[in-house]
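Have a look at the structure below before the remarks.
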Amino acid sequence: MPYPFIPYQPKILDIEEVEKEALAYFNNINSRRSVREFSSKPVSKQTIELIIKTASSAPSGANKQPWHFAAISNAALKSQIRIAAEEEEQRNYHERMSEEWLRDLEPLGTDEHKPFIEIAPWIIVMFKKAHDIVEGEKRKNYYVSESAGIAAGFLISAIHNAGLATLTHTPSPMDFLGKILNRPANERAFLLLPVGYPASDAMVPDISRKPLEKVATFYE
Ligand code: IYR
């Protein structure tokens, strides 16, 4: 059965206004940095709900919205997650990662210690759903990684736009997150994102973005 179709009538801006908006959004998003040092200053649940609703408005294959967001402020759970994440990262940094990978990460100064998981007032664990279970039956999802990746992008931009900081942390393999959070088997943990204010003395590496000519080709 087709959906009923409804008019889509966003406010139409003229060319100059479009340019202005594009520039303002670029300036906003381009000031975002991945932050590893957080303040423990509280962030309201309402803010987290709005950020997740923004992420969940992302496009997805056949509009299946194949994701789930676990938002955790509970200190005991955050501590349990930190311990398990650091155990995986200990093995990643000291056994599993190749020399090339370690060399690539060295300038960023990352290591197996992840205090931000406990310090940030919230962590959001994003799960992707390979399939859904509807009334006990398996229903297919499509382009699951692409869809979840797009939603993660929306999530990160919503966090930044609200004046907060985050980091895409990947303590792989991440199966421990589904276990600790008691998630169903069709959900696979995908990213862990601490959310909060950056620490007042937070430092970030002085990296630069590739110039436009390196990342885009125009065919006019
Ligand atoms: N999962 C580790 C390692 C790591 C990997 C990449 I690629 C990064 O850009 C940063 C870290 C961690 O989260 O520390």
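Thinking of the chain as a set of Cα atoms, what percent of all their pairs are more than 28 Å apart? The calculated P(r) of the chain puts 39 percent of pairs beyond 28 Å. Considering only Pro121, Pro107, Pro66, the Gaussian network model of the chain with Cα springs below 10 Å gives its largest mean-square fluctuation to Pro107. Straight-line cross-link partners of Lys114 among the lysines, defined as a Cα under 24 Å from its Cα and at least 8 positions apart when in the same chain: Lys41, Lys45, Lys78, Lys128, Lys179. Springs between Cα atoms under 10 Å define the GNM used for the chain, and in it the highest mean-square fluctuation of Glu99, Glu135, Glu88 occurs at Glu135.
Can you return the aspartates and glutamates within cross-link range of Lys53? Criterion is Cα-Cα under 20 Å, with same-chain partners fewer than 8 residues away left out. Leaving aside aspartates and glutamates fewer than 8 places away in the same chain, those within reach of Lys53 are Asp132, Glu146, Glu187. Distances between placed amide hydrogens fall under 5 Å for Trp122 paired with Val195, all partners being 5 or more residues away or on another chain. Computed 3J(HN,Hα) for segment 54-63, one whole-Hz value per residue from the Karplus formula 6.51 cos²θ - 1.76 cosθ + 1.60 where θ = phi - 60°, is 4, 4, 6, 8, 5, x, 8, x, 6, 6, glycine and proline marked x. If you take the Cα centroid of segment 189-214 and the Cα centroid of segment 59-115, the two points sit 15 Å apart.
For Tyr219, Tyr197, write out the residues from largest to smallest accessible area, computed with a 1.4 angstrom probe and no ligands counted.
Details: Tyr219 200, Tyr197 80 Å².
From most exposed to least exposed: Tyr219, Tyr197.
Expressed as a whole percent, the accessible area of the chain that falls on carbon and sulfur atoms is 54 (1.4 Å probe).
Taking only protein heavy atoms and a 1.4 Å probe, what accessible area per residue, in Å², does the chain have with all protein chains in place? Mind dumping the intermediate values first?
On the way: 14680 Å² over 220 residues.
Computed with neighbouring chains in place, this is 67 Å² per residue.
Each Lys and Arg Cβ is given +1 and each Asp and Glu Cβ -1; about its Cα centre, the chain then shows a dipole of about 720 debye. Ordered from highest to lowest accessible area with the whole protein assembly present and a 1.4 Å probe, Met203, Met174 read as Met203, Met174.
The values are calculated or read from the model by the stated rules, or taken from the named source; none is laboratory data. Given the structure is predicted, the values throughout are model-derived calculations rather than measurements. Please note: Cβ atoms are built from the backbone with ideal geometry, for glycine as well, and neighbour counts cover all protein chains shown. Ligands, DNA and RNA are stripped out before the accessible areas are found, and what is left, the full protein with its side chains, is counted by its heavy atoms. Shrake-Rupley method; radii C 1.70, N 1.55, O 1.52, S 1.80 Å.
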